[in-house]
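Every read-out reported here was derived from the displayed coordinates using simple, explicitly stated rules and does not represent laboratory data. What you are looking at is a predicted structure, and each value in this text was computed from that prediction instead of being measured. FYI the Cβ positions are ideal-geometry reconstructions off the backbone, even for glycines, and counts take in every protein chain you see.
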Amino acid sequence: MKVGIVLSKTPTYSETFFLSKIRGLQKHGFVVSLYVQKEDVSFKLCNVVQAPRFYRKNKFLQILAIFQVIFRLLPFLIRLQNFIKLERKVDRSWHQILKNIYNNAHILTAELDWLHFGFATMALQSEHVAQVIDAKMAVSLRGFDIDVYALQHPNCYSLLWKQVDKVHSISNYLLDKAKLLGLSNEISYSIIRPAVDLLKFNPVNRVLSEPINFLTVGRLHWIKGLIYTLEALAILKVKGVKFNYTIIGSGPDYEPIVFAISQLGLTKEVRLLGKKTHKDTLGYFTISDIYIQYSISEGFCNAVLEAQGMGCLCVVSDGGALPENVIHRQTGWVVPKRNPKLLANALQEVILLPEDVKGEYRKNATKRVIEAFSLDLQQKTFREFYN
C-alpha cells in the first residue's frame with residue numbers, strides 16, 4: 001500500500017510521532033512518501049517530494065519554476081482538467097485555482113492509495129487533490145487546527161469535511177470539537193494518541209527536594225496558561241513555600257511573561273531557558289519534582305506524557321484533552337483552568353502528601369504510559385487505520 005503524508009516540512013529528530021509512524025508502516029510493507037514545502041536534505045527515512053518554491057524577489061526564477069510545473073503536469077492533463085472542474089464547482093476564482101494547481105503540483109502527479117494530511121490546516125486549498133489522483137483522503141486533527149485556527153477562520157473546514165474519507169484525532173476532545181465545527185458523525189475515524197519511546201525513559205522515584213523544583217515545557221503562548229501558573233506560584237511564595245520554576249520553550253509571549261515574573265516578585269525563583277533539544281529536555285525531567293501544564297487548552301500534550309514517563313508528579317488543567325492525558329487522583333491531578341488559587345491549593349496538597357502516596361502516583365502514571373502510549377501500540381493502530 002502506498003501512503004503519502006503531507007507536512008509543512010520533513011520531521012525533525014524530536015518529532016517521534018511522525019518518525020515512529022513512518023518506521024512502523026515501512027516495517028510492514030507500506031511505501032511511504034512525504035510531500036513537504038521545506039525539505040531537510042539530511043532526512044533519509046523515506047522518499048520526500050518538495051512543493052514548487054515561490055521566488056518573490058526573483059522574477060526570473062519564479063517564471064522558470066512556473067514552466068517547470070507546467071512540464072511536470074503535461075502528462076497529467078486529465079487530472080488537471082478534473083481538478084479545475086472540482087475547484088470551479090465550489091466557486092473558487094481562477095486566481096485561486098491557478099495558485100492551488102501550483103501549490104499542489106508535487107502531489108497531483110502522485111500514485112497513492114492514501115493521501116494523509118498531517119494537520120487539518122495543511123488540507124486547506126488541497127481538498128480536491130486526493131479525489132483527482134484516485135486516492136482516499138485522511139486528515140489528522142491537532143490542537144492548533146481545531147482550537148485556534150478554526151476560531152480565526154469560521155467555516156474554514158466546511159469543504160474539507162465533505163471530502164475526507166477518514167479522520168485521525170489525537171484525542172476525543174479534538175474529535176468532539178471537530179464535530180461541533182461541522183464534521184459529520186458518519187465519517188470514519190480513529191483516536192490514535194501520541195506515544196513515547198520507552199527506551200529513552202528511566203523513571204526516577206525521588207523524594208521531593210527543598211526548594212521544590214517545578215517544570216513546564218511549551219511555547220511561550222497565551223494558550224499555555226503560563227501567567228495563571230505564575231500567579232499560583234506567587235501565592236505559594238506568600239505562604240512560605242520555597243521553590244524553583246523552570247520554563248523550557250520560546251514563543252511570541254516572552255515579554256508579557258517576563259513582565260509578569262517581575263510584577264509577581266518571582267525573579268529569583270523563575271528561569272526561562274528558551275528552546276532546548278529533546279535530549280536536554282528529558283534531562284530536566286529527571287531533576288524536577290512536579291510538572292505543571294496549566295494550559296487553557298491542549299490537543300493532548302506530549303510533554304505531559306514524557307513527564308509522567310520520567311517519574312514527575314503531574315498537575316495539569318482541565319483544558320482540552322489534558323484530562324485524557326492525566327487521570328485525576330490516579331496518575332496526577334487535574335485542576336479547573338484559569339483559577340490560580342485552585343492551582344496553588346492543588347500544588348500545596350501534592351507537596352504535603354506522604355512520600356509513599358507520591359510514590360504510588362508516580363507508579364500509576366508510569367504504568368499507564370507504558371501500557372497505553374507505547375510506540376508499538378501507535379504503529380499498530382496506524383496500520384489498522386489504513387487497512
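Placing unit charges on the Cβ atoms of the charged side chains and taking the dipole of the chain about its Cα centre, the candidate lying farthest along the positive direction among G218, A150, Q81 is Q81. For the pair D376 and Q50, the difference between a 0.36 nm per residue extended length and the Cα-Cα distance amounts to 114.4 nm. Label zone of K59 (point 7 Å out along Cα→Cβ, amide N under 19 Å): in region 87-104 this covers no residue at all.
Look at where the Cα atoms of region 148-193 and of region 348-368 average out, and the two centres are 36 Å apart.
Overall, the anisotropy analysis places the chain in the prolate class: the square-rooted eigenvalues a ≥ b ≥ c of its C-alpha gyration tensor yield a/c not less than 1.5, with a/b exceeding b/c. With point charges of +1 on the Cβ of Lys and Arg and -1 on the Cβ of Asp and Glu, referenced to the Cα centre of region 30-166, which listed residue (A65, L160, A130) lies farthest in the positive direction of the dipole? In region 30-166, that residue is A65. Placing +1 on the Cβ of every Lys and Arg and -1 on the Cβ of every Asp and Glu, with no other charges, gives region 1-92 a dipole of roughly 200 debye about its Cα centre.
For the pair Q68 and E360 in one chain, pulling the backbone fully straight at 0.36 nm per residue adds 98.9 nm over the alpha carbon distance.
Given the Cα-Cα distance of Q96 and Q163 and 0.36 nm per residue of separation, how much length would full extension add, in nm?
Full-extension gain reported as 22.3 nm.
Since only T381, V335, T121 are under comparison, the one whose Cα sits farthest along the positive direction of the charge dipole of the chain, derived from C-beta charges on Lys, Arg, Asp and Glu, is T121. The count of lysine pairs in region 198-372 with alpha-carbon distances below 19 Å, taking only pairs 8 or more places apart or on different chains, stands at 16.
Under 1.5 on a/c is rounded, so check that first for region 198-372, then, if it is not, pick prolate when a/b is larger than b/c and oblate when it is not; a ≥ b ≥ c are the square roots of the alpha carbon gyration tensor eigenvalues. Cα axes put region 198-372 in the rounded bin. Entry note, the chain: the mean residue ellipticity at 222 nm calculated from DSSP H runs of n ≥ 4, each adding -39500 (n - 2.57), is -12500 deg cm²/dmol after division by the residues and rounding to the nearest 500.
Taking the 0 to 90 degree range and rounding to the nearest ten, how far is the long axis of helix 77-89 tilted relative to the main principal axis of the chain, both from C-alpha atoms? Helix 77-89 sits at roughly 60 degrees to that axis.
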